[in-house]
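Derivation of every value follows stated rules applied to the coordinates shown; laboratory data play no part. Bear in mind the structure is a predicted one, so any value in this text is a computation, not a measurement. Note: ideal-geometry Cβ built from the backbone for every residue, glycine included; neighbour counts use all protein chains shown.
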Amino acid sequence: MIVFVPNWFKYGYPIMNVLGLFLLILIITSTVNIYLKTKKVYLFFTLGILSLITGFVVFILKNFSLLPYNFITENSSKLGTGLEVIFLSFSLASVIKDLKDERENQQGLALQKSEEMNEMKSYFLSNISHELRTPLNTIMNFIESIDGETDSKSIQEKCEVIRSSSTSLLSSVNDILDFSKIEKDEIKLEEGEFDIHKLLDEIKTDTLNRAQNKGLDFQYTQCQDLPKMVFGDVNRIRQIVMNLLSNALKFTNEGIVKFKVDCEIINDKVALNFIVSDTGDGISKEKINSIFDSFSQQSIKNSRKYGGLGLGLYIVKALVNLYKGEIEVQSIVNQGTVCNVKLNLTKVAVKEEVKLEAISNYNLHGKRILVVEDNAMNQMVLKMITKKWLNTEVDYAFNGEEGLEFLRKSKYDVILMDLQMPVMDGYEATIAIRSGNSGINDKNIPIIAVTADVMESTKDRVKEIGMDFYLSKPVNKDVLFETISKCM
């Protein structure tokens, strides 16, 4: 507030002094009201108001001849106003700083809350994965056992229905987990050398059976110079191709589904083209760009009509992007769709295969296995699998603490370790073993994590604490045997 008092008011018009006094009282009243209502009043604001009030009080008292006339009393209002402007500027700077700090604090709290929500989400998904995969492990392995022990065609057909339903449920669980990983940017490629001919043969056989069950024709072709061994993530490539083929089968009621593999080899680089075409419903031009979105309106409608979660193509797109590849879709309504995925892999030299003993002969030659697993049904599954293995002795502990006691009393060649257990979990037990708490001779015993938790953080943690291998439930008996054999 700046008040200019013309020189011709200097010796006259006392009413102006009275008005100034009322104005001063109004300023004081307003200031007191601010102090009463505001929790925090800045020091510079207080100094500014006091400077203004002091300047005007001195000026008015001088005008009423209550103070002597001199340079200070004559210019007190101007000095007070000037100081007020300076102090209020500092006060404004303090307000701006506090607002900035408050906003940063709010952003920090929001980020902290977001991180807590992500942790809760990860914990929830980890538990969901564990709780769903644990019974699936029992169901799928018991079905394999029943199917292998009966000659009844009727029972085998029923086993196939249960197996198919269990596989479908497992696929949905995996899609949900992959969706979560993609949303959190946690999905990773686990690359290694693999036989792409073997992979494509498995995909071809599976798709042919599914096409025949639906009354569709299936045609498969591949380039002649496709290398045998390549470097990549075999499971993610399988997932990409199978999702494309599953979509083609799902949306085709009659006609044919074609799967073609082209390749271009430049030095050690292999450019793969996976082309899936069908004679199904097709997609309109307006909707073709949204088919890769998660839970898009189109995917929701399709999920209601054809089943599924509507996440398949969203996951395919994310995996292709992870590979820095390309995906193209061409479609005509009521005529069909063509999907083309391009991935760049690395060709590797074909090595002489070191084959394990024939898989039909499950023989561990007198080795002893310690299973640390709290779930009685999972123990039953492992007993059912290992009872057919020759020269193999297996003991069972219900938690990590029991496992340590077993190790102190007996010698074992390998440990199958669950992760989520009461009393002492698999992480704590492994750390204790690696620290020598079960005996100095067992510090380096091979430990295989066998868990229903498939989160990336779990896989990283398993490696971090010194476990040798990681297997996810449902357990495949051949993979289990091969993994144990590697430890020997």
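Pairs of Cα atoms nearer than 8 Å and 6+ residues apart set the relative contact order; for region 362-488 it is 22 percent.
Put simply, the convex hull of the Cα atoms in region 316-420 casts, on average, a shadow of 13.2 nm².
Bridge orientation summary for the chain: considering DSSP beta bridges with both residues in this region, about 60 percent are antiparallel. Taking the Cα centre of region 194-347 as origin and assigning +1 to Lys and Arg Cβ atoms and -1 to Asp and Glu Cβ atoms, the resulting dipole is close to 360 debye. Debye-formula intensities of region 194-347, expressed as log10 I(q)/I(0) at q = 0.11, 0.12, 0.17 Å⁻¹, are -0.41, -0.49, -0.99 (one equal scatterer per alpha-carbon, no solvent).
How large is the Kirkwood hydrodynamic radius of region 129-234, in angstrom, based on all distinct alpha carbon pairs?
17.0 Å
Every Cα-Cα pair in the chain was counted, and those over 40 Å apart are 47% of them.
Here is how the number arises for the chain: DSSP H runs of 4 or more residues each give -39500 (n - 2.57), the sum is divided by the residue count, and the result at 222 nm is -18000 deg cm²/dmol. Placing a label point 7 Å from the Cα of Phe142 along the Cα-to-Cβ direction, the residues of region 379-395 with a backbone N closer than 19 Å are 379-388.
Considering only Cα atoms, the convex hull volume of region 363-487 works out to 93 Å³ per residue. Between Leu66 and Leu43, the FRET efficiency estimated from the beta carbon spacing at R0 = 30 angstrom works out to 0.50.
Against the chain, whose longest principal axis is taken from its Cα atoms, helix 297-306 shows a tilt of about 30°.
Divide the volume of the convex hull around the Cα atoms of region 387-461 by the residue count and you get 105 Å³ per residue. Seen against the Cα atoms of the chain and their longest principal axis, helix 196-213 is set at about 80 degrees. For the chain, the longest principal axis of the alpha carbon atoms and the long axis of helix 477-487 meet at an angle near 80°. Charge tally for Asp293 (other residues, Cβ to Cβ under 12 Å; Lys, Arg +1; Asp, Glu -1): +2.
Rg/Rh, computed from the Cα trace of region 118-183 with Rh as the Kirkwood radius, has the value 1.15. Full extension of the chain segment joining Ser457 with Gln156 gains 104.5 nm, where the gain is 0.36 nm per residue of separation less the Cα-Cα distance. Over the C-alpha trace of region 57-203, radius of gyration and Dmax come out as 38.4, 123 angstrom.
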